[in-house]
Amino acid sequence: MAERWSAWTEPAAKAAAEWGPEWGATADERAAVARRGARMLRPFAEALGVSLDETWLAAFASWVRPVRGGLNLWDALTLGLFVRTLRPARIAELGVAGGHSSAVMLRALAEAGIAPADATGQPRIWGYDIARTCFFDGATPVGFAVRELVPELASGHRLATGDVRLAAAELEGAGLKFALIDASHAHPWATFDLLWLSRALAPGAWVVLHDVSLARIIAHREERAGRPGVRMEYGAEVLFDRWPGTKAVGLGWAGNIGAIRVEDPAGLSAVASDVLASERWETDPGAEITAIAGSARRAA
């Protein structure tokens, strides 16, 4: 892989690699951690044009708790901030796994006074995952955290087995103003996820990308352990790094989650071509997926 990375996430990746105080053992401890680290989320508040409500952050942190294979505290607070601010009528989520992010977003919607289902009875969150069981044991069902953390809001979560093609078919023209991409991290999947999902996005939509520093975090951990290795799983990282429009990434321990604003969903071809040609592909998503990119070619 070409060493063409910008420096925007290096400090954040180093901090995240140290696994700082991501969680507290009790609700009060989590609230205290959120208050101390609130500045890490300021880039998101600034991008959204809102003031960072540290009282809300502490209260949300006291509610959320760790889930196996799920988010860290700062990822959860970031999602909560976006949902609370944007108040989306419907959310597309690519990559559900345990459903930690689904539960967090349902809780944020409820706190914003938005019912789990709309007036037609449609759920607010449409989640898509290619697996039926979680990656960490092959037995736990995908999305289990929704009923574990927010059982009273479970009607607001629709879970489908399939990839972004199913999401695009079901949500085309929906005019979504918020989405989460947290599916395959192997480049170029994140870019193709965005291309396909663009059919469902409204102009100016915000898309949160998880693991935008994953390759660097892995590299820093290996370096610290004296076992430097090859950077891997850099799909979201490449897309975020080369995104030409408005974007924001958290600081410190919040540095592994980022957001991009898609001003023109119908005009993503040029951006995608640049991203797809910028780095060696880690995997080939297949002809049916890549056909949407037209003349874009993988980098050598």
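FYI, it's all coordinate maths here, none of it is from the lab. Note that the structure is predicted; figures quoted are calculated from it, not measured. Neighbour counts are summed over all protein chains in view; Cβ atoms, including those assigned to glycine, are modelled from backbone coordinates with ideal geometry.
Laid out as a table, the results:
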read-out: Cα gyration tensor shape for the range 193-300, rounded if a/c is under 1.5, else prolate or oblate; value: oblate
read-out: Charge-dipole axis of the chain as Lys and Arg at +1 and Asp and Glu at -1 on Cβ define it, positive-most pick from Ala270, Ala131, Ile218; value: Ile218
read-out: Shape category assigned to the range 105-220 from the gyration tensor of Cα positions, a/c cut at 1.5; value: oblate
read-out: Mean separation of Cα contacts under 8 Å (6+ apart) over length of the chain, as relative contact order %; value: 20 percent
read-out: Long-range HN-HN contacts of Ile130 with modeled amide H, under 5 Å; value: Gly162
read-out: Likely footprinting exposure, Ser273, Ser101, fewest C-beta neighbours within 10 Å first; value: Ser273, Ser101
read-out: Residues Met40, Met105, Met232 arranged by fewest to most Cβ contacts within 10 Å; value: Met232, Met40, Met105
read-out: The range 20-147 shape via C-alpha gyration tensor axes, a/c threshold 1.5; value: oblate
read-out: Estimated [θ] at 222 nm from DSSP helical runs (n ≥ 4, -39500 (n - 2.57)) normalised by residues in the chain, nearest 500; value: -11000 deg cm²/dmol
